[in-house]
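K.L.:
Below: one structure in structure tokens.
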Amino acid sequence: MRVTSQLLKDLPRTRVWASSLLPSQLQSQLASISHQHAPRWPSHMRLTHHQSRSYQTASALCSYILTPPQVNSILKANEYSFKVPEFDGKNVSSVMGFESNQLPANAPIEDRRSAATCLQTRGMLLGVFDGHAGCACAQALSERLFYYIAVSLLPHDTLCELEAAVEAGRALSPILHWHKHPNDYFSREAQNLYFSSLRTYWQELIDLTSPGEVPDTREALLSAFKRLDQDISLEAQVGDSNAYLHYWVLRVAFSGATACVAHIDGSDLFIANAGDARAVLGVQEEDGSFSALTLSNDHNAQNEDEVSRIRGEHPPSERKTVIRQDRLLGLLMPFRAFGDVKFKWSIELQKRVLESGPDQLHENEHTKFIPPNYHTPPYLTAEPEITYHKLRPQDRFLVIGSDGLWETLHRQEVVRIVGEYITGVHQRQPLKVGGYRVTLGQMQALLEERKARVSSAFEDQNSATHLMRHAVGNNEFGTVDHERLSKMLSLPEELARMYRDDITIIIAQFNPHVIGAHRQE
């Protein structure tokens, strides 16, 4: 379809994931990892019986020592960087550029990332999508959510021009310019379906708005999140005559994903978050050090407001069952997510859709399983929590990361690592050794190690890669240990998910001069 190809252009089509398994030379050394990094349960869903078999076979598996070049090859396989173009030798954008990276633990990785510039409005969009129960929902979000946001931000008159062009069969100007790593693929088979749903959405926006009306950014983000989740649900209920598409829309709906999206326009920064990915601002203090300003709230059992919200939406008789063992209905860790229709549809609707679905769906035990104590759905929402922040010259960068990052590093440590990387200035903190008894010889070795680390700290050309190296390789003293990093990256697929989660990181760097000028205006 000509219109589709014009509007949804610049869609990378390659799907390649770097392997993290390389030839071995040593027998299993998992014991040396386990005292630092205890096996972890999957962050979103409980382990099934089949997944738990990995514990039984752990002793028979091997871990390998990788050379530094091999470690670098794995860490850099999915890194991406983008620098905002200059005009007349000047950067007129508040965003100087961004860098991103991904490290899989699941096979295939369930995280996705997206970055795009809005072409018919202003601003840049950055997003991290953390999938669970498969990668299908996160994949759909990475392709679709930014289009829904971009359309939501279009003024009424532009929406009318867009619809008129489609009606007349004229070529359309693209509304987004994507910034994608070749591995960040698009599913070509679903593009016509996605375009049809998007067009229906903007037709409804035309009916709901008035000539000359310009959307509010907060309302646009809220509307885009909620509408895409509704479309994911509706597409699964309606199905498709194409067997592949029918199976795909059901996979998207029955899997799930959290989303954390930033919209940056001049000094205006909006964060739309649904789930437990996180956005943290790196603020440079007067003494040159960096402090962390969290711009999103995790939607999980550690958030008392979320717990109260969910309990308040269901009868008192479900107070003890709606959240059990810090999970929604005892199963799902994030309390807000796209997809996951098993927590949204009635039991009758679930059974009807499954009965009319393809045979492949019947083979999936997760799909057929009804959550316990399932009485008053929906239990889950994709409605985002919106945070606004007026950027200041001291706001130097923004880190958006899936929970795989924040589970391994505290936010203050994250901004320190990134801040030192960006500025090249290391804030020497007192050497911390925790509760360990350290001899003078060991202390000397630690100091020498720190000195060596400073001299080689900038071997990474990408700040997200540098942060990822710390997230995976930090030892008990807070320094990157190559042997530990090597072991963590060479864990077999059966074990990797127990010791770490998928990690996705986007780091946007701000231009303090442009932001200062915006604030004066």
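The values are calculated or read from the model by the stated rules, or taken from the named source; none is laboratory data. Small disclaimer: the values here were computed from a predicted structure and weren't measured. Reconstructed Cβ throughout: ideal geometry from the backbone, glycine too, with neighbour counts over all protein chains shown. To get the accessible areas, we keep the full protein, side chains included, count just its heavy atoms, and leave off ligands, DNA and RNA. Shrake-Rupley method; radii C 1.70, N 1.55, O 1.52, S 1.80 Å.
K.L.:
Looking at (1) in contact with a strand residue (DSSP E or B) (Cβ under 8 Å, 6 or more places away or on another chain); (2) over 30 Å from His518 (Cβ atoms), can you tell me which one Leu119 breaks?
P.N.:
(2)
K.L.:
I'm trying to understand the selection: among the residues of the range 223-269, which are over 20 Å from Thr200 (Cα atoms) and among the polar types (S, T, N, Q)?
P.N.:
Of everything in the range 223-269, those that are over 20 Å from Thr200 (Cα atoms) and among the polar types (S, T, N, Q) turn out to be Asn242, Ser255, Thr258, Ser267.
K.L.:
Of the residues in the range 503-521, how many are of a type in the set (Val, Ile, Thr) and either surrounded by fewer than 16 Cβ atoms within 10 Å (Cβ to Cβ) or outside any strand (DSSP E or B) (or both)?
P.N.:
Total meeting the criteria: 2.
K.L.:
Can I ask one more? If Arg469 satisfies every condition in (1) farther than 27 Å from Val399 by Cα; (2) out of contact with any Ser or Thr (no Cβ under 8 Å at 6 or more places or on another chain); (3) at pLDDT 75 or above but one, which is the exception?
P.N.:
(1)
K.L.:
Anything in the range 462-493 that is of a type in the set (S, T, N, Q), touching a strand residue (DSSP E or B) at 6+ places or on another chain (Cβ under 8 Å) and not in a helix (DSSP H, G or I)? List them, or say none.
P.N.:
Residues satisfying the conditions are Asn462, Asn474.
Residue by residue, here is whether (1) under 15 Å from Asn192 (Cα atoms); (2) buried (at least 22 other Cβ atoms within 10 Å of the Cβ); (3) touching a Pro at 6+ places or on another chain (Cβ under 7 Å) holds:
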| site | (1), (2), (3) |
| --- | --- |
| Glu213 | no, no, yes |
| Phe225 | no, yes, yes |
| Gln230 | no, no, no |
| Gln237 | no, no, no |
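K.L.:
Would a scan of the range 304-318 turn up a residue that is of a type outside the set (A, V, I, L, M, F, W, C), in contact with a Lys or Arg (Cβ under 9 Å, 6 or more places away or on another chain) and in a loop (DSSP other than H, G, I, E, B)?
P.N.:
Taking every residue of the range 304-318 in turn, none turns out to be of a type outside the set (A, V, I, L, M, F, W, C), in contact with a Lys or Arg (Cβ under 9 Å, 6 or more places away or on another chain) and in a loop (DSSP other than H, G, I, E, B).
K.L.:
Kindly establish whether Phe129 is open to solvent by less than 10 Å² (accessible area, probe 1.4 Å), aromatic (Phe, Trp, Tyr) and in contact with a helix residue (DSSP H, G or I) (Cβ under 7 Å, 6 or more places away or on another chain).
P.N.:
Judged against the criteria, Phe129 is a match.
K.L.:
Next question. Search the range 215-247 for residues being at pLDDT below 95 and in contact with a His (Cβ under 8 Å, 6 or more places away or on another chain), and hand back the single one that is nearest to Lys342 (Cα to Cα).
P.N.:
By that ranking, first place goes to Gly239.
K.L.:
Okay, moving on. What are the residues in the range 73-125 that are aromatic (Phe, Trp, Tyr) and modelled with pLDDT of 95 or more, if any?
P.N.:
Result: Tyr80, Phe82, Phe98.
K.L.:
Right, here's the next one. Any chance the range 172-181 includes a residue that's open to solvent by 20 Å² or more (accessible area, probe 1.4 Å) and of a type in the set (A, V, I, L, M, F, W, C)?
P.N.:
No, the range 172-181 has no match at all.
K.L.:
On to the next question. Would you point out which residue out of Gly312, Gly330, Gly339 is free of Cβ contacts under 8 Å to residues at least 24 places away in the same chain and open to solvent by less than 70 Å² (accessible area, probe 1.4 Å)?
P.N.:
Exactly one of Gly312, Gly330, Gly339 is free of Cβ contacts under 8 Å to residues at least 24 places away in the same chain and open to solvent by less than 70 Å² (accessible area, probe 1.4 Å), namely Gly312.
K.L.:
Still on this structure, please answer the following. Among the residues that make up the range 213-226, is at least one of them of a type in the set (Lys, Arg) and touching a helix residue (DSSP H, G or I) at 6+ places or on another chain (Cβ under 7 Å)?
P.N.:
No; the residues of the range 213-226 include none that is of a type in the set (Lys, Arg) and touching a helix residue (DSSP H, G or I) at 6+ places or on another chain (Cβ under 7 Å).
K.L.:
With respect to Lys432, determine if the residue is at pLDDT below 85 and over 21 Å from Arg113 (Cβ atoms).
P.N.:
yes
K.L.:
Here's another thing I want to ask about it. Tell me which strands (runs of 3 or more DSSP E) are completely within the range 248-303 and hold 3 or more residues being surrounded by fewer than 24 Cβ atoms within 10 Å (Cβ to Cβ), or say none if there are none.
P.N.:
Correct list: 278-284, 290-294.
K.L.:
Go through the range 373-405 residue by residue and tally those that are in a loop (DSSP other than H, G, I, E, B) and among the charged types (D, E, K, R).
P.N.:
Going through the range 373-405 one residue at a time, the tally reaches 2.
K.L.:
I'm trying to understand the selection: among the residues of the range 482-502, which are among the charged types (D, E, K, R) and surrounded by fewer than 17 Cβ atoms within 10 Å (Cβ to Cβ)?
P.N.:
Glu483, Glu493, Glu494
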